[in-house]
Every structure is written in structure tokens, then in C-alpha cells.
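Asks: Below is one structure. I have some questions about it.
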Amino acid sequence: MDTNVIDQYIDDLMTKSTAEIPVWNIEKARAGEKSGWDYIDGCMIMALLEMFDTSKDDKFFKFADYYEDYRIADDGTISGYKKEAWNIDEINGGKNLLTLYSLTKKEKYKKALDKLYDQVINQPRTKEGNFWHKKIYPDQIWLDGLYMGQPFYMEYEAVFNNGKNKDDIYSQFFNVEKIMKDSATGLYYHGYDSSKSSFWCDKGTGLSKNFWLRSLGWFSMAMLDTLNKAPDRGSENWNHLKAMFIDLQDSMLKIQDESGMWYQVPNFPGREKNYLETSGSAIFAYSLMKGFRTGILEDKKYQNAGEKAFNGICEKYLNTDSGKLSLGGICLVAGLGPETNRRRDGSYEYYMSEPVVQDDAKGVGPFILAYNEYKLIK
């Protein structure tokens, strides 16, 4: 693996992007919109901040600070953020503000953090006590949402609130284990509707029909990042969450393709139209390598599996397209509903129908996170 080539790719992504128009936000580009405040950009900036954390190369910090400073006013108002949407995805970018506030002590970052925390504390909940995914998805838990909200919630609690609400965070994970985990495979269903009224859910269980790779990845990172941010490492609840994390990695290793990657619908390898997908594979590469590095996974087989996944992505999807490096095989988006979009029904055919793109941050961000871990090993 020529790391110089990947380093150049990351440099190009930064130099060709502005705070208004980042080259990695393919969703916004396709819609003809400028970037605002969304989880996609949050993923990318987090990856750059992790590169800074391990390399101490100022170019990563400077770009991340420029990017976030641009969209936050002195009073902490976040351009493009809408609390009233009760969208848990909107919380994801707050993780970067926690990092940047610790590095810069800019007061506007703390004011913005407080606004995001206010949403977290007041976020509507299912009857089980978990955050709604969004106002337009009432009573629903998506695996994606655990990643978007809980690591931020835990880190904010640890830094500013003496961990007061940490048990609330753990209980939301444990509810997902109780409700959304499939005992036969050890995998978790993409979504759950506690009202059991959505067109896509099983009317008996409230669960969606399938497992989706990237949502499993988001959930994996949610557990890993929460474990590493928690102020009570080694407590009973922490150990329970650690056991959940390890169990998911073990379940994923059983279905890891010989290439090192995983399939879009991971439990149906080789099924017609199913494909090896980059973003979810990169997330698990990161989870496995960082899980081992941070002592949560204790057997080197996990690190080895993560390396294999990263190398598999590079071999299959990192290529030169029209003279420039490009990362392919990325599912652009997938979700469940709402009622006005019945195409998103959680069926196998639905997951095969979403566009597969190049260089979108939902794949590039996790790829850089995995690359950062890979470089630490080498």
C-alpha cells in the first residue's frame, strides 16, 4: 500500500474544498446546494481531526478549525442547524466542536455546544426511553442515530457535567440490544418503530426487514467511541457495552468476505445485485483496528481483520479515474420511509436500488479514519 498516494488524496480533498462547497458532499452537490450543517461533513472533519491527533500535522487542525469557524457565529448560532427538526443526525458535528473547543478555547464553540446539548436533553423519546431519529420519524430508533448522538452526549457529560447522565446513555444502547439484536446472527436490524405503525416495519416486532452494513457500522462506532469517551471505564455498565461491542465484531468476522470487505446487505453474500460496500467496510476496519489499539479488543485477530478490510477496500475501490485518485463503492444513502417515500421500505431490493458513488464523505471519512489507524500500526 503506497501511503503517499492516499496522503495526496486527502490533501487534494482539503485543497479543493471550501467551507461552502466541500468536494466530498456528493448529496448536496447532486441537489445543487451549498453545504450547511450536517452529519456528512461532520464525519469528514472528525477524520481530519483524528489525523491531527495522531500526526500533529497542523494542516488538518487548521482546515477543521476554518471549516467549523465559518459556520458558527460569535453567539454560538450554527448556520444551517434547525433544532425544531429534532434530527439526531444534527448532533454528530458537535463531536468536532468538543475537540476544537479543547484545542482553541473559542467561546463560540462552547456556546454552539450548549445549543446542541440542549437538543439532546430535550430530544423526543420512544416509550422505551430512546431518542427519536427525527421529528419526521416519530417513535423510531435507527442504528445510525446511536452514532450521531450518543458519543457526543457521553463526551459532553464527561467534560462539562461530571458524567451525570451517563446511565441514560448506557440504557439507550441496552434497549437497542434488547429490541433490535437478532439472536441467530448477532446482527442488529436497521430500524425499529416503537409504535409499530410504519409501513416498513413488522407489525408484531416493530423491526425493519433487513440488516444494512453501514448502519451496523455506525452502531459499532457508536459503541467504540462512547466506550472511549466514558468517564467510568471498567464500571458494570461500561463492561456491558464493551461486551456488546465485542460480540458485534465477532458476528461480523463470521461473514467477512475473503477480500476483507463486507456486503451491502451483509448476511447475503453473493446474492444477486449485492455488492461489497466501501463505507461500512471502512467503518468496521476502523472499529477493529482502533478497538484493538485502545484495549477494548484484546486479541490481535481483530487488528488483523481490520487491516485486511482496509487493504481490501484499497485493492477493490481505490483507483485512478481520469488521472486522479478516487474512492468508489460507496452507497450514497439509505433509510426507512417516511410515509411519503414508500420506496424506502427496508427490503433487500430497496438496499440494492440506492446509488453507488465515488468520493462521498460517508465513505471517505470512515476510510480516512481507518487509514489513520492503519498508519499507526505500520
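The values are calculated or read from the model by the stated rules, or taken from the named source; none is laboratory data. Everything numeric in this text was worked out from a predicted model, so none of it was measured. Ideal geometry is used to build each Cβ from the backbone, glycine not excepted, and the neighbour counts take in all protein chains shown. Just the protein is used for accessible areas: all its heavy atoms, side chains included, with ligands, DNA and RNA removed. Shrake-Rupley method; radii C 1.70, N 1.55, O 1.52, S 1.80 Å.
Asks: Across the stretch 92-107, which residue is nearest to the chain's Cα centre (by Cα) among those that are of a type in the set (S, T, N, Q) and surrounded by fewer than 18 Cβ atoms within 10 Å (Cβ to Cβ)?
Replies: As a first pass, look at the stretch 92-107 and keep what is of a type in the set (S, T, N, Q): 92, 96, 99, 102, 104.
Now narrow it down to the ones that are surrounded by fewer than 18 Cβ atoms within 10 Å (Cβ to Cβ): 102, 104.
Values: SER102: 22, THR104: 25 Å.
Filtering first and then ranking leaves SER102.
Asks: Another question about this same structure. Among the residues in the stretch 108-130, are any β-branched (Val, Ile, Thr), more than 21 Å from SER79 (Cα to Cα) and buried (at least 24 other Cβ atoms within 10 Å of the Cβ)?
Replies: no
Asks: Go through (1) over 30 Å from ARG293 (Cα atoms); (2) open to solvent by 20 Å² or more (accessible area, probe 1.4 Å); (3) under 21 Å from the mean Cα position of the chain (by Cα) one by one and return the number of the condition ARG343 breaks.
Replies: (3)
Asks: Just checking, which of MET46, MET51 is in contact with a Lys or Arg (Cβ under 7 Å, 6 or more places away or on another chain) and at pLDDT 95 or above? Don't jump to the end; show me each part of the working.
Replies: Numbers: MET51 fails: in contact with a Lys or Arg (Cβ under 7 Å, 6 or more places away or on another chain).
Exactly one residue qualifies, and that residue is MET46.
Asks: Looking at the stretch 131-144 only, could you name the residues that are open to solvent by 10 Å² or more (accessible area, probe 1.4 Å) and not in a strand (DSSP E or B)?
Replies: TRP132, LYS135, ILE136, PRO138, ASP139, ASP144
Asks: Right, here's the next one. Somewhere in the stretch 279-289, is a residue of a type in the set (Phe, Trp, Tyr), crowded, with 20+ Cβ neighbours inside 10 Å, part of a helix (DSSP H, G or I) and free of Cβ contacts under 8 Å to residues at least 60 places away in the same chain? Walk me through it before giving the result.
Replies: Start the filter on the stretch 279-289 by keeping residues that are of a type in the set (Phe, Trp, Tyr), which leaves 284, 286.
Those left that are additionally crowded, with 20+ Cβ neighbours inside 10 Å: 284, 286.
Adding the requirement that they be part of a helix (DSSP H, G or I) leaves 284, 286.
Keeping just the survivors that are free of Cβ contacts under 8 Å to residues at least 60 places away in the same chain gives none.
Within the stretch 279-289 (the criterion being of a type in the set (Phe, Trp, Tyr), crowded, with 20+ Cβ neighbours inside 10 Å, part of a helix (DSSP H, G or I) and free of Cβ contacts under 8 Å to residues at least 60 places away in the same chain), the answer is no, since none of the residues qualifies.
Asks: Given the conditions (1) under 23 Å from TRP24 (Cβ atoms); (2) modelled with pLDDT under 95, which single one is not true for MET289?
Replies: Here MET289 meets the rest and fails (2).
Asks: May I pose another question? Only one of GLU84, GLU90, GLU68 is more than 26 Å from GLN140 (Cα to Cα), among the acidic types (Asp, Glu) and assigned to a helix (DSSP H, G or I). Can you tell me which?
Replies: On the way: GLU84 fails: more than 26 Å from GLN140 (Cα to Cα); GLU90 fails: more than 26 Å from GLN140 (Cα to Cα).
On inspection, the qualifying residue turns out to be GLU68.
Asks: Would you pick out the residues in the stretch 306-324 that are assigned to a helix (DSSP H, G or I), open to solvent by 10 Å² or more (accessible area, probe 1.4 Å) and either at pLDDT below 95 or in contact with a helix residue (DSSP H, G or I) (Cβ under 7 Å, 6 or more places away or on another chain) (or both)?
Replies: GLU307, TYR317
Asks: OK, next. Taking the criterion of being in a loop (DSSP other than H, G, I, E, B) and in contact (Cβ under 8 Å) with a residue 24 or more places away in the chain, would at least one residue in the stretch 7-14 satisfy it? Full working, then the answer.
Replies: Within the stretch 7-14, the first condition is being in a loop (DSSP other than H, G, I, E, B), and the residues that meet it are none.
No, the stretch 7-14 contains no residue that is in a loop (DSSP other than H, G, I, E, B) and in contact (Cβ under 8 Å) with a residue 24 or more places away in the chain.
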